[in-house]
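The values are calculated or read from the model by the stated rules, or taken from the named source; none is laboratory data. Because the structure is a prediction, the values reported are computed rather than measured.
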Amino acid sequence: MANGKKRRNETAGIAYVAAASREQFPKPARREIVFAGRSNVGKSTLVNALSKRKNLARTSKTPGKTRLVFFYDVSPDFYFVDLPGYGFARISQGEKEAFSHVTDQYFESDRPVALVLVLIDIRRGFGEADHQMLEYLSHYDIDWQVILTKADKLSRQQTVKAEQEAMSVIRQYAREGRLTLTPLSVSAGMNPRDARMKLLEERITELTGGAFASI
Ligand SMILES: Nc1nc2c(ncn2[C@@H]2O[C@H](COP(=O)(O)OP(=O)(O)OP(=O)(O)O)[C@@H](O)[C@H]2O)c(=O)[nH]1
Ligand SMILES: [Mg+2]
């Protein structure tokens, strides 16, 4: 039963489950706001910024820090779910960007997903795995939103250009009704008062039936 034992912990005053496989996922009883993206894009940093806790999710300069699926109990009404970053898996002909096994399990487990935030490093743009993710989410009609992170690393002009490029990728996957989606350039944690951060917070508040506003 070792594998089925839940790792329930607490940090920064918030309980969380760190799951290595689907047996350890909490029961699907509340909405989940999911953070997905390549390693090192800033998922855990954004979890912290949105939960208004500096040290809830562990962040690191070393990519691939988050190997488990973290379910953060930020509210009785929803979880923030921090997925492992997409990594490079060694396959016969070299290396390929791939989702970890536990990430696949997460999406195959019919979780009550309210929104998947797909984080993209604004300097790198979309990779193969990002395309796969957007295709998957669109196919299964799961709500998603692209967040361009680390915008503070680019000039205003470069940011505008990168946003336009991102928008053209988003258009490939968004259904008509979703074209209003605005790519966000969130300097996660660096500038939490950013107007775009506020828009994201409003969207999460809406999706969580107001619960997010009271965390
Ligand atoms: N300049 C800048 N640095 C950022 C930003 N967001 C995150 N970082 C930094 O990027 C590094 C990686 O951030 P994490 O939040 O750990 O990234 P992650 O996506 O959770 O990474 P994995 O867990 O490895 O998948 C850390 O050193 C962060 O401080 C941002 O908006 N601007
Ligand atoms: Mg992380």
Inset, instruction - Take Gly125 and decide whether it is modelled with pLDDT of 90 or more and in a loop (DSSP other than H, G, I, E, B). - result: yes
Inset, instruction - Filter the stretch 128-154 down to the residues that are within 21 Å of Lys61 (Cα to Cα) and among the acidic types (Asp, Glu), then identify the one that is modelled with the highest pLDDT. - result: Asp130
Legend entry - Wholly enclosed strands (runs of 3 or more DSSP E) of the stretch 4-85 bearing at least 3 residues at pLDDT 80 or above and among the acidic types (Asp, Glu): none
